[in-house]
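Have a look at the structure below before the remarks.
The values are calculated or read from the model by the stated rules, or taken from the named source; none is laboratory data. What you are looking at is a predicted structure, and each value in this text was computed from that prediction instead of being measured. All Cβ positions, glycine included, derive from the backbone under ideal geometry; neighbour counts span all protein chains shown. Each accessible area value is taken on the protein alone, full model and side chains, heavy atoms only, with ligands, DNA and RNA left out. Shrake-Rupley method; radii C 1.70, N 1.55, O 1.52, S 1.80 Å.
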Amino acid sequence: MKNLIVAVFLFLFHAVLFAQQNQISIDADQSLGKINPLVYGQFIEYIGRCIDGGIYEENSPLSDHRGFRKDVLTKAKELHPTTLRFPGGTVVKTFHWEDGVGPKEQRKAKKNLIWGGIDSYQFGTCEFIEYCKELQAEPCLVVNLSTGTAEEAANWVEYCNGTGNTYYANLRRAHGYAEPFQVKYWALGNEEGAEPDAGRHQDPNDYVKDVWHFIKLMKLTDPSIKLIANGEAMNEHWNKTVLDGIGNAVDYLSYHYYVNTSPNKPYSIFEKIATAESEIEHLGRFIRKNYSDTVQQWSEWYRFPHREGPIKLSFDEWGIWEKQDPPYGTTNQYTWRHALATASFLQVIQRQAQTIGIANWAQMVNVLAPIMTDKEGSVKQTIFYPLQAYRKYALGEALAAESQAPILTDGIAALDLSATIDRERKMLTLFVVNRSSQEIQAPLLLKNATLKSITSKICYSSSSLEATNTLAAKDTEVVRISEDKHIQQKKPLQFAKESITIYNFTLQ
Ligand code: AHR
């Protein structure tokens, strides 16, 4: 009994202490930069059952006349990615776009040399563009730098964007698409520096030399396209060599980062996300210091325009890869803890708005994915909800926000936050991930702006950090969503244990 009294006393003491010390502060004058809408993207690749058996399944009662799985399409629309990247990923090193266009019976089903299995190529360029249109997502195509040629890449640009009486524009027309696809974003290979892969550019100087030829032919074909050069996380030598070599011609440097949980260290995933943030911040500073927003030297004889504006990161693969089931551990069952980690990672992307111009969660269906399928149907994984929510509620500009809150372990604060503002519409949104096992209350200190009202508070939570939605129990939903539109402004903000909370405010 005595122990119980002491425990209750300690609990109350801590609760009062926390309530007294906690604080959220947002400074409306401290902008972290405009958030590009393209940072809320997804990625699809010919790997495992992402495309064949996921997005696309001919002759399934669940598919439409095009072979698109209707249940998946409905969920993908709810997810609402602002951009979609295709066809890889590592597989791009063996992907030839002409194998995936034209009459379906003539397409070349091919062994997937990278991930195993056979790819049907029934979902090719035109199907991808149709899918993007359905989702209202900006398409991003990745060209084959390894076994493809510069001419092949330029022909792909012409097939997609050509408007004249040319062979490749006419080929697209002959395939049933009179209007150009206007694909603006093109990535120059994928992880070309990765030594174990089937690529051939492990030395960044080789990449620069080769890619310059690709850039010339692609840009001469359509000078309006935006290009994404290959970057490498934590490899300053690679990034510097690439940007010194072709930084005047490309708009983005790609960046890939996956996190996971170390054995018996459940909070390690949050530490890894924090490390990712400091590396992104470092790379952003490096780019801003060394590569001016305005290109100084350019020969008119290139006959196409140089880059306009600053070089940004295309964080074109980010996500959680726990190395679970095949292929190569990419079939992942995500728990509620992973959803909290996803929200924290999204907050990094919002906070690093000055550096990141494009970002895609890798991937979308079945592989490291928010949507899982089997022959009978599909299910949303826990990570689906933060991915959906941040793109829905984020406003156009990131603001500096800080919390005074308990520290959990190894420097990981209980609360992780991000704030966004729409100055014209006088709206402010606060995103908070409470990673602790206790509810936390904190008053809001808003600097350089005055609150008018709290429009709503949306809270995502679950019964346990290990809760997970499964294909075996499709009707059992483990994620709880509550929305409250009647919050008293005078009370401290409240964050349920292990939750994601979004406060929507209006300003005076
Ligand atoms: O998303 C899975 C793989 O991870 C991609 O193919 C590759 O680019 C990355 O290494």
* Asked: Over the range 363-480, what is the mean sequence separation of C-alpha contacts under 8 Å (at least six apart), divided by residue count, expressed as relative contact order in percent?
  -> 22 percent
* Please report how far the C-alpha centroid of the range 387-462 lies from that of the range 182-240, rounded to the nearest whole angstrom. => 37 Å
* In deg cm²/dmol, rounded to 500, what helix-only [θ] at 222 nm does the chain give when every DSSP H run of at least 4 residues adds -39500 (n - 2.57) and the total is split over its residues? -> -9000 deg cm²/dmol
* Asked: trypsin sites (Lys or Arg not before Pro), restricted to the range 358-456: which are DSSP loop and have at most 10 other Cβ atoms within 10 Å?
  -> 375
* Please report, as a whole percent, how much of the solvent-accessible surface of the chain comes from carbon and sulfur atoms (probe radius 1.4 Å). => 51 percent
* Asked: With +1 on each Lys and Arg Cβ and -1 on each Asp and Glu Cβ, how big is the dipole of the range 36-395 about its Cα centre, in debye rounded to the nearest 20?
  -> 600 debye
* Per residue solvent-accessible surface (Å²) - the range 236-339, probe of 1.4 Å -> 47 Å²
* Asked: Between 320, 48, 450, whose Cα lies farthest towards the positive end of the dipole of the chain when Lys and Arg beta carbons carry +1 and Asp and Glu beta carbons carry -1, centred on the Cα centre?
  -> 450
* Structure fact -> Note, residue 495: beta-carbon cut-off 12 Å, +1 each Lys/Arg, -1 each Asp/Glu, net 0
* Can you pull the accessible area of residue 372 for me, 1.4 Å probe, Å² to the nearest 10? -> 20 Å²
* To do: Return the whole-Å distance between the Cα centroid of the range 157-179 and the Cα centroid of the range 263-327.
  => 33 Å
* To do: Filter the trypsin sites (Lys or Arg not before Pro) in the range 221-285 down to the DSSP loop ones having no more than 11 other Cβ atoms within 10 Å, then list what survives.
  => none
* Asked: Which of the helices in the chain, when you take each full DSSP H run, stretch at least 27 Å along the axis at their Cα atoms and have an average Kyte-Doolittle score of -1.0 or higher?
  -> 2-21, 268-290
* Structure fact -> Expressed to one decimal in nm², the mean projection of the alpha carbon convex hull of the range 36-395 is 17.2 nm²
* To do: Compare 222, 410 by solvent-accessible area with a 1.4 Å probe and give them largest first, with all protein chains kept in place.
  => 410, 222
* Structure fact -> In whole Hz, the Karplus estimates of ³J(HN,Hα) for the range 398-406 (6.51, -1.76, 1.60; θ = phi - 60°; x where Gly or Pro) are 8, 10, 5, 9, 9, 10, 10, 8, x
* Asked: Pairs 34/426; 452/497; 426/457; 77/272: which exceed 19 Å Cα-Cα?
  -> 452/497; 77/272
* Asked: Which whole-number value in Å² is the accessible area per residue of the range 456-508, probe 1.4 Å?
  -> 55 Å²
* Cα coordinate range in the range 268-355, projected on the principal axes (Å, largest first) -> 54, 28, 15
